[in-house]
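The values are calculated or read from the model by the stated rules, or taken from the named source; none is laboratory data. The shown structure was predicted, so the numbers you read here are calculated from the model rather than taken from an experiment. Note: ideal-geometry Cβ built from the backbone for every residue, glycine included; neighbour counts use all protein chains shown. SASA here: full protein model, heavy atoms, side chains in, ligands and nucleic acids out. Shrake-Rupley method; radii C 1.70, N 1.55, O 1.52, S 1.80 Å.
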Amino acid sequence: MPTECNPALFEFAPVAGRQVVAGFDGGAITSDAGALLLGETDRAIRLTEWFAACFTDARAAELVEHQIATLVRQRIIGIALGYEDLNDHDELRHDPVLAVLVGKLEAKRSDCAPLAGKSTLNRLELSRSEPTRYHKISHDPAAIERLFVDMFLKAHRRAPEQIILDLDATDDPLHGHQEGRFFHGYYDCYCYLPLYVFCGRHLLAAKLRRSNIDSSAGAVEEIARIAAQIRQRWPRVRILLRGDSGFAREALMAWCEANRVEYLFGLARNERLEEAIKAELLMAAVESLRTGKPARCFKDFTWSTLDSWSRDRRVIGKAEVTGGEANPRFVVTSLKPAEVGGQYLYERIYCARGEMENRIKECQLDLFADRTSAATMRANQLRLWFASMAYVLLCALRRIGLAQTQFAQATCGTIRLKLLKLGALVRISVRRIKVAIASACPFQHEFSLAHARLRNVTA
């Protein structure tokens, strides 16, 4: 007798004498059950609540299906879960766990899904600074910029004695004809040139800029705004500004010197600088020949440009010889020699700025901060802020829930893969919503610990 075939099932190779079949009939199942931890994190730090407050809704209230807070939370959590495109939300709007996270299990109207689709979210991203006839939702850019610093300040129970602010510019390649696109010779592509400011893992600013500018353009204004906001809460904190040679500009250094902000910047080498450490380069070359290994010497001296600097400044030169080739490097700083030596300053403080580049990679590669495909710079700046808020949310989960676990230093992408992308069956009854996560999940201990810590914060 022939076997009856169910056209809705897919047959695979048998195992241990048993048929293997599959079908899309599991019911309310999600692949993002771990996002429940993001919901608890959001309740702990109130990120989406404060971010939604930066928007103004001029829509007719009686006709609104999706509130601003719901849209903002859906978009940020979607990015954190790896859904970079608005098109993804045409399917996600039916996801039971995402509906739980935004607090909306059913739509008001019978022809709507519980969550917003791509068109509604697109109108949110196209919002302007002032509402118009066709764009009823508006946002306050200044309030959003302040929010990043506020979240940083709220993450500390007490004021630190010193903080180091890292700033850097990076490329954001463009593949269309977006507003403000220019070809950048160094990056060899059409791109934007966003400016980032971090303090450790904390993101304090993400400013989208055109690429036909100097890498330090706008840095004075950004640092002045951030420093003023920090000192309003922490008046005695010492601020050290750190960046590569693209920020060793007279305007920025002079501002720091006039506003009690220390700085440590890379300094582009030239013939005069190399001549100043000629003896040290010779010593390093002799030592390298003697040992057969790279060698380096340091020189601490006072130096000034011929015409662009307003004063002499402290410069540390690294005279290094590697493989028979000279590799001189320089930094300029406002820190005094009596406070910190030149070698320690270069090797332990300046070189540590490389860690910031990993943070930028997290934002761009894990959270799609370079997904700036909208037509206008205004919309692309808002997209950058949404991605940045997703980074802030995941950093809070890592800081609060995953401290002293194997994920304490994990990237956002690793946290997503290991703890958020969990398969689960969702059962909704009158009294409760049960999310049955796969029993074979290998990171149950970390999930449980993160849940307990986050609940302690929100309790």
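Using the basic label-point model (7 angstrom from Cα toward the beta carbon), what is the His445 to Leu153 distance in nanometres?
Each label point is offset 7 Å from its Cα along the Cβ direction, giving 4.0 nm.
Taking the full set of protein chains and a 1.4 angstrom probe, give the accessible area of Ile360 in square angstrom, rounded to the nearest 10.
10 Å²
Given the -39500 (n - 2.57) contribution per DSSP H run of 4+ residues, what per-residue ellipticity at 222 nm results for the chain, rounded to the nearest 500 deg cm²/dmol? All intermediate terms of the calculation are to be shown ahead of the outcome.
On the way: 15 runs with 153 residues, N = 459.
The helix-only estimate for the chain comes to -10000 deg cm²/dmol at 222 nm.
Once you have the Cα-Cα distance between Arg59 and Ala224, take 0.36 nm times their residue separation minus that, and quote the gain in nm to one decimal. Don't skip to the end; give the middle numbers.
Values: separation 165, 0.36 × 165 = 59.40 nm, distance 3.59 nm.
Length difference between fully extended and current span is 55.8 nm.
Keeping all protein chains in the complex and leaving out DNA, RNA and ligands, what accessible area do you get for Ile437 with a 1.4 Å probe, in Å² to the nearest 10?
Answer for Ile437: close to 50 Å² accessible.
Could you tell me whether segment 316-371 comes out rounded, prolate or oblate from its Cα gyration tensor? Rule is a ≥ b ≥ c as square roots of the eigenvalues, rounded for a/c under 1.5, then prolate if a/b exceeds b/c, otherwise oblate. All intermediate terms of the calculation are to be shown ahead of the outcome.
Working: a/c = 3.65, a/b = 1.68, b/c = 2.17.
Oblate, because a/c is 1.5 or more while a/b does not exceed b/c.
Percent of accessible area on segment 305-445 owned by carbon and sulfur, 1.4 Å probe?
On the way: 3380 of 6650 Å².
Result for segment 305-445: 51 percent of the exposed heavy-atom area is carbon or sulfur.
Rounded to the nearest Å, what's the spacing between the alpha carbon centres of segment 46-114 and segment 331-379? Just the number, please.
33 Å
Round to the nearest 0.05 the FRET efficiency obtained for Leu105 and Arg146 when R0 = 35 Å and r is the Cβ-Cβ distance. The partial results should precede the final answer.
Values: r = 34 Å, r/R0 = 0.96.
Working from the Cβ atoms, E equals 0.55.
Between Cys351 and His94, with labels modelled 7 Å along Cα→Cβ, what's the label distance in nm to one decimal, could you check?
In this crude spin-label approximation the distance works out to 5.5 nm.
Take the alpha carbon atoms of segment 395-454, find their center, do the same for segment 176-201, and report the distance between the two centers in whole angstrom.
34 Å
What does the C-alpha gyration tensor say about the overall shape of segment 20-61? Classify as rounded when a/c is under 1.5, otherwise prolate if a/b is larger than b/c, or oblate.
On the way: a/c = 5.71, a/b = 1.96, b/c = 2.91.
Oblate, since a/c reaches 1.5 and b/c is not below a/b.
Multiply the residue gap between Gln409 and Leu126 by 0.36 nm, knock off their C-alpha separation, and tell me the result in nm, one decimal place.
Details: separation 283, 0.36 × 283 = 101.88 nm, distance 3.50 nm.
Contour length minus the Cα-Cα distance gives 98.4 nm.
Going by the alpha-carbon gyration tensor, a ≥ b ≥ c the square roots of its eigenvalues, is segment 335-459 rounded (a/c under 1.5) or, if a/c is not under 1.5, prolate (a/b greater than b/c) versus oblate?
Numbers: a/c = 2.71, a/b = 1.55, b/c = 1.75.
Taking the square roots of the gyration eigenvalues as a ≥ b ≥ c, segment 335-459 is oblate.
Let's see if you can work this out: charge +1 on each Lys and Arg Cβ, -1 on each Asp and Glu Cβ, no other charges. What is the dipole magnitude of segment 220-343 about its Cα centre, in debye to the nearest 20? Walk me through the numbers on the way to the answer.
Values: 21 positive and 17 negative charges, 116 e Å.
Around 560 debye, computed over segment 220-343.
What full-extension length gain, to one decimal in nm, is calculated for Lys136 and Arg455 as 0.36 nm per residue of separation minus the Cα-Cα distance? Could you put the intermediate results ahead of the total?
On the way: separation 319, 0.36 × 319 = 114.84 nm, distance 3.66 nm.
Going from the current span to full extension adds 111.2 nm.
Using 7 Å Cα-to-Cβ label points, what is the Asn87/Arg311 separation (nm, one decimal)?
5.7 nm
Report in % the part of the accessible area of segment 7-110 that belongs to carbon and sulfur, leaving out ligands and nucleic acids; probe 1.4 Å.
Working: 2900 of 5360 Å².
C and S atoms contribute 54 percent here.
Determine the principal axes of the Cα atoms in segment 59-152, then give the extent along each, sorted from largest to smallest and rounded to whole angstroms.
37, 33, 21
Out of segment 89-154, which GluC sites (Glu not before Pro) are coil in DSSP terms and have no more than 11 other C-beta atoms within 10 Å? Kindly include the intermediate steps, with their values, before the conclusion.
Values: sites: Glu91, Glu106, Glu125, Glu145; in loops: Glu106.
When the GluC sites (Glu not before Pro) of segment 89-154 are filtered for loop state and at most 11 Cβ neighbours within 10 Å, Glu106 remain.
In what sequence, highest mean first, do 49-56, 115-122, 163-170 appear when ranked by Cβ atoms within 10 angstrom?
Details: 49-56: 18.0, 115-122: 19.6, 163-170: 22.1.
Highest mean packing first, the order is 163-170, 115-122, 49-56.
Residues in segment 335-367, backbone N under 17 Å from the label point at Glu287 (7 Å along the Cα-to-beta-carbon vector): list them, ranges by number please.
341-348
Beyond a 32 Å Cα-Cα separation, which of these cross-linked pairs lie in this structure: Lys293/Lys418; Lys136/Lys434; Lys154/Lys299; Lys108/Lys136; Lys207/Lys421; Lys136/Lys421?
Working: Lys293/Lys418 41 Å; Lys136/Lys434 37 Å; Lys154/Lys299 41 Å; Lys108/Lys136 20 Å; Lys207/Lys421 30 Å; Lys136/Lys421 35 Å.
Correct reply: Lys293/Lys418; Lys136/Lys434; Lys154/Lys299; Lys136/Lys421.
Per residue, how many Å² of accessible area does the chain show with a 1.4 Å probe?
Per residue, the chain has 51 Å² of solvent-accessible surface.
Looking at segment 232-305, which trypsin sites (Lys or Arg not before Pro) are DSSP coil and have at most 16 other C-beta atoms within 10 Å of their C-beta?
Values: sites: Arg233, Arg236, Arg238, Arg242, Arg249, Arg260, Arg269, Arg272, Lys278, Arg290, Arg296, Lys299; in loops: Arg236, Arg249, Arg260, Arg269.
Passing sites in segment 232-305 are Arg236, Arg260, Arg269.
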